[in-house]
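Take a look at the structure below.
The values are calculated or read from the model by the stated rules, or taken from the named source; none is laboratory data. Keep in mind the model is a prediction, meaning the values are calculated, not measured. When we count neighbours, we look across all protein chains shown, and the Cβ atoms used for this are built from the backbone with ideal geometry, even at glycine. Surface areas here come from the heavy atoms of the whole protein model, side chains and all, with no ligands, DNA or RNA. Shrake-Rupley method; radii C 1.70, N 1.55, O 1.52, S 1.80 Å.
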Amino acid sequence: MDGGARRCLFSRQELEGRIQELGTRLSRDYAGLNPVLVGVLKGVFIFMADLVRALEFPVEVDFVRLRSYTGGTESSGEVHITKDVEVPLRDRHVLIVEDIVDTGLTLDFLRGHLASHRPRSLKICCLIDKWERREVEVPLDYVGFPVAQGFLVGYGLDCGEQQRTLPEIYVLEKD
Ligand code: PRP
């Protein structure tokens, strides 16, 4: 699929409003806990930047980058770390921040990996829960928007590294 016709799914205003709501909830739930937010690159970089600024207190941030291997349209389920966390997570309250959950394989792997650091708590915040292709159930503690299906671009999400910087989220129309 290339960068052809697209339809706006979430406007800037909708994104800002929902992220503000998430920020308010997280500020309440993590008050006094000094959490570490671990973002999953690259797609998360715009959401993460807005989310941390919607919080009512400063937090520590770190990032991971993961690569999953696919064979054709099917995912093999194999996920590898290409950039690991750098902040020590032991006994910390850790919140994974993701832009989109699709099959769930990335987060399933990452949860296991970060759990091995023995954090005090480990939760997940994702902007988009795209559930129709889910292969592994992962507990999503904070969700921006549930979406059934579609190839989404913008606000960090890409199609072949294009369209990440669009300020809204679009769904690519099928030809
Ligand atoms: C996307 C997204 C998640 C992952 C979700 O990343 O940011 O990390 O896919 O897919 P899953 O639930 O099927 O595992 P992508 O691999 O496109 O890399 P990017 O963030 O660098 O664009």
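Once each of the GluC sites (Glu not before Pro) sitting in a DSSP loop with at most 14 other beta-carbon atoms within 10 Å is removed, the chain keeps 1-55 as its longest stretch.
Stretching Arg134 away from Glu21 to a fully extended chain increases their span by 38.1 nm, per 0.36 nm per residue minus the current alpha-carbon distance. Counting only Cβ charges, +1 for Lys and Arg and -1 for Asp and Glu, the dipole size of the chain around its Cα centre is about 340 debye. Over 5 Å intervals from 0, what percent of Cα-Cα pairs in the stretch 83-175 sits in each interval? Percent of Cα pairs in each bin: 3, 12, 21, 21, 18, 13, 8, 3, 1, 0. Which percent of the accessible area of the chain is formed by carbon and sulfur heavy atoms (probe 1.4 angstrom)? Carbon and sulfur together cover 48 percent of it.
If one computes the Cα centroid of the stretch 50-70 and of the stretch 117-140, what distance in Å separates the two points? Their Cα centres are 14 Å away from one another. Its alpha carbons considered, the chain gives a radius of gyration followed by a Dmax of 15.8, 50 Å. Heavy atoms of the protein chains alone define the surface here; on that basis the chain has 52 Å² accessible area per residue at 1.4 Å probe size.
Full extension of the segment from His117 to Ala49, taken as 0.36 nm per residue of separation minus the current Cα-Cα distance, would add 22.0 nm. Other residues with beta-carbon under 12 Å from the beta-carbon of Val97 carry, at +1 per Lys or Arg and -1 per Asp or Glu, a net charge of -4.
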